[in-house]
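Before anything else, here's the structure in question.
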Amino acid sequence: MEQAEFIWMNGEVVPWAEAKVHVLTHGLHYGTSVFEGIRAYDGELGTAVFRHTEHLERLHESARLFYMDIPYSVEELRLATLDLIARNGLAHCYIRPLATRGYGVMGLNPLEAPVDVVIAVWPWGSYLGDEGKQKGIRAKVSSWRRFAPDALIPHAKASGQYLNSVLAKVESLKGGYDEAIMLDAQGVVSEGSGENIFIVRNGQLIEPPQTASVLDGISRRTIHALAADAGLEVTSRDIARAELYLADEVFLTGTAAEVVPVREIDDRPIGSGEPGPVTRKLQELYDDAVHGRGGLHLEWLDPVVSPAGASAADA
Ligand code: PPE
């Protein structure tokens, strides 16, 4: 991975190499951590964080679902992040806030363990490759089901839960594919290993409902708004596996991945086998929105340097 200079750790800004934890950190043993993935883009407003507050609110929600109190408010984390990006001198970056049960107790009850909070920022390119974004990726329906909502909590972005995604991702890579698409415990389409999914079928834009073991993705919400701008309605309903193969278009959305066309699933071409017009349009609108182009939805952007020229570090 690419490195940056500083990491924010429990309220202090420390050099990248010094941001360390004890080997008996609770989260390392039991996965008792929650995190976010956020991006800052170099756009019309200068460097700005995309849907910053919503991501930090989801971090707090993920924590709450696992009985964890994050000792910093959304606003404190927001200002710390803006300051950290400025201090690292990054024009664009990926942002990874993480709250973990720390060092002090062993055993499955985490409630007495301290909560450590870190924020890291670094440049991170296309998650599924530049070529994947342009031409579309090849996906495999995973033999691993997305974990059921009565086993874990799909609405939480919690570290331990990602072992499920790791199995699916590695299986897809070893099979020669770029990404996995998981079905939920009932056998309907859920999501990618790190992305939500949409299909276009008979002119309809369709996504799995929140009851299909999906993460309530923020890029997904962005697509809802951008689709509405383009006069397209999004239908949330169960999607049968066969509908993936019958779809005219399929695409994935996520902060790291952004909007990625899927050109093949299980060796069957999707539509013409090339990214379709709806995917292309939404990809373009997404790229405009994150860069603040066109002036629509500037409310989604949180500039690192305020328009008055004061750095967030002075705030
Ligand atoms: N589902 C999963 C399982 C998921 O991890 C993500 C984000 C999404 C859906 C899309 O959510 P959103 O980013 O709010 O639109 N995955 C993050 C982590 C990826 C990683 O490898 O780490 C991300 O995109 O940042």
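The values are calculated or read from the model by the stated rules, or taken from the named source; none is laboratory data. The structure presented is a predicted model; accordingly, all values stated were derived computationally and were not measured. Positions of Cβ are generated from backbone atoms using ideal geometry, with glycine treated the same way; all protein chains shown enter the neighbour counts. Heads up: the accessible areas ignore ligands, DNA and RNA and are worked out on the full protein's heavy atoms, side chains in. Shrake-Rupley method; radii C 1.70, N 1.55, O 1.52, S 1.80 Å.
For a quick protection proxy, order the peptides 79-86, 290-297 by their average other-Cβ count within 10 Å, most packed first.
Values: 79-86: 21.2, 290-297: 15.8.
The packing order, highest mean first, is 79-86, 290-297.
Still on this structure, please answer the following. S193: net charge of surrounding residues, Cβ under 11 Å, Lys/Arg +1, Asp/Glu -1, itself excluded? Please list the in-between numbers first.
Working: positive: K140, R146, K169; negative: E171, D178, E179, E191, E195.
That works out to -2.
Cα convex hull of segment 190-244: how many Å³ per residue?
Considering the Cα atoms of segment 190-244, their hull volume per residue is 72 Å³.
What part of the accessible area of segment 1-129, given as a whole %, is carbon or sulfur when the probe is 1.4 angstrom? Mind dumping the intermediate values first?
Numbers: 3210 of 6130 Å².
Carbon and sulfur together cover 52 percent of it.
If you don't mind, another one. Can you tell me, using C-alpha contacts under 8 Å and at least 6 residues apart, the relative contact order of the chain as a whole percent?
Working: 656 pairs, mean separation 65.5, N = 315.
Rounded, it is 21 percent for the chain.
Run the helix sum for the chain: -39,500 (n - 2.57) per DSSP H stretch of 4+ residues, divided by residue count, reported at 222 nm to the nearest 500 deg cm²/dmol. Before the final figure, lay out the partial values.
Details: 8 runs with 85 residues, N = 315.
Dividing the helical sum by the residues of the chain leaves -8000 deg cm²/dmol.
What list of ³J(HN,Hα) values in whole Hz, one per residue of segment 287-301 in order, does the Karplus curve 6.51 cos²θ - 1.76 cosθ + 1.60 (θ = phi - 60°) give from phi, with Gly and Pro shown as x?
Per-residue couplings from phi come out as 4, 5, 4, 5, 9, x, 7, x, x, 7, 6, 5, 5, 7, 9 Hz.
State the answer as a single residue: which of V117, A156, S142 lies farthest towards the positive end of the charge dipole of segment 110-162, with beta carbon charges of +1 for Lys and Arg and -1 for Asp and Glu, about the Cα centre.
S142
A follow-up question, please. Could you give the angle, 0 to 90 degrees to the nearest 10, between helix 74-88's Cα long axis and the longest principal axis of the Cα atoms of the chain?
Taking Cα atoms only, the helix is inclined about 90 degrees.
Here is the link list: K133/K169; K133/K281; K135/K169; K20/K174. Which ones come out longer than 25 Å on Cα distance? Write out the running numbers ahead of the final one.
Working: K133/K169 18 Å; K133/K281 13 Å; K135/K169 20 Å; K20/K174 32 Å.
Listed pairs above 25 Å: K20/K174.
Of all the Cα-Cα pairs you can form in segment 137-255, what percent are over 17 Å apart?
Everything past 17 Å amounts to 53 percent.
If you don't mind, another one. For the chain, give me the percentage of DSSP beta bridges that are antiparallel, rounded to the nearest 5 percent. All intermediate terms of the calculation are to be shown ahead of the outcome.
On the way: 47 of 57 bridges.
Antiparallel bridges: around 80 percent, rounded to the nearest 5.
While we're here: Using a 1.4 Å probe on the protein chains only, how many percent of the accessible area of segment 130-293 belongs to carbon and sulfur? Mind showing how you got there, number by number?
On the way: 3330 of 6610 Å².
Answer for segment 130-293 is 50 percent, counting heavy atoms of protein chains only.
Turning to a different aspect of this structure: Can I get the semi-axes of segment 77-186's equivalent ellipsoid? Compute them from the C-alpha gyration tensor as square roots of 5 times the eigenvalues, in angstrom, largest first.
On the way: eigenvalues 169, 130, 22 Å².
Equivalent-ellipsoid dimensions as semi-axes: 29, 25, 11 Å.
Now a separate question. From zero outward in steps of 20 Å, how is the percent of C-alpha pairs of the chain spread across the bins?
32, 58, 10
What length, rounded to one decimal in nm, is gained on full extension from V166 through to N10, with 0.36 nm per residue of separation minus their alpha-carbon distance? Provide the component values of the computation, followed by the final result.
Numbers: separation 156, 0.36 × 156 = 56.16 nm, distance 2.80 nm.
Gain on extension, V166 to N10, equals 53.4 nm.
Right, here's the next one. Compute the angle between helix 52-65 and the longest alpha-carbon principal axis of the chain, please, reported from 0 to 90 degrees and rounded to the nearest 10.
Between helix and principal axis, roughly 80 degrees.
Rounded to the nearest whole Å², what accessible area per residue is found for segment 6-124 with the 1.4 Å probe?
Result: 45 Å² of accessible area for each residue.
Counting other Cβ atoms within 10 Å, keep those with at most 15, restrict to DSSP loop, and tell me which GluC sites (Glu not before Pro) in segment 193-278 are left.
On the way: sites: E195, E233, E243, E249, E258, E264; in loops: E195, E233.
Of the GluC sites (Glu not before Pro), the ones in loops of segment 193-278 whose Cβ has at most 15 other Cβ atoms within 10 Å are E233.
Got the relative contact order for segment 1-139 handy, in percent, Cα pairs under 8 Å and 6 or more residues apart? Intermediate results must be reported in sequence, preceding the final value.
Details: 219 pairs, mean separation 45.3, N = 139.
About 33 percent, as a whole number.
Using only the alpha carbons of segment 195-291, what is the convex hull's orientation-averaged projected area in square nanometres?
On the way: hull surface 23.2 nm².
Result: a mean projected hull area of 5.8 nm².
How far is it, in nm, from the label point at K20 to the one at A225 when both lie 7 Å from their Cα along the line to the Cβ?
Distance between label points: 4.2 nm.
What does the net charge come to around G217 if you take all other residues with beta carbon closer than 10 Å to its beta carbon, with K and R at +1 and D and E at -1? Could the numbers behind the result be given before it?
Working: positive: R58, K157, R220, R221; negative: E191, E195, E207, D216.
Here the count lands on 0.
At 7 Å along the Cα-to-beta-carbon direction for both Y30 and I153, put a label point, then send me their distance in nm to one decimal.
Those two pseudo-labels are separated by 1.4 nm.
Could you work out, for segment 6-124, what percent of all Cα-Cα pairs fall into each 10 Å distance bin, beginning at 0 Å and stopping at the bin that holds the largest distance?
Pair shares across the bins are 14, 45, 32, 9, 1.
Compute the helix-to-body angle for 162-174: its Cα long axis versus the longest principal axis of the chain, expressed 0 to 90° and rounded to tens.
That helix lies at roughly 50 degrees to the long axis.
Quick one: length gained pulling D216 to Y245 fully straight, 0.36 nm per residue minus the C-alpha distance? Could the numbers behind the result be given before it?
Working: separation 29, 0.36 × 29 = 10.44 nm, distance 2.41 nm.
Extra length from D216 to Y245 when fully extended: 8.0 nm.
Within a Cβ distance under 9 Å of A257, other residues only, what is the Lys/Arg minus Asp/Glu net charge?
Values: positive: K133; negative: E179, E195, E258.
Every neighbour counted, the sum reads -2.
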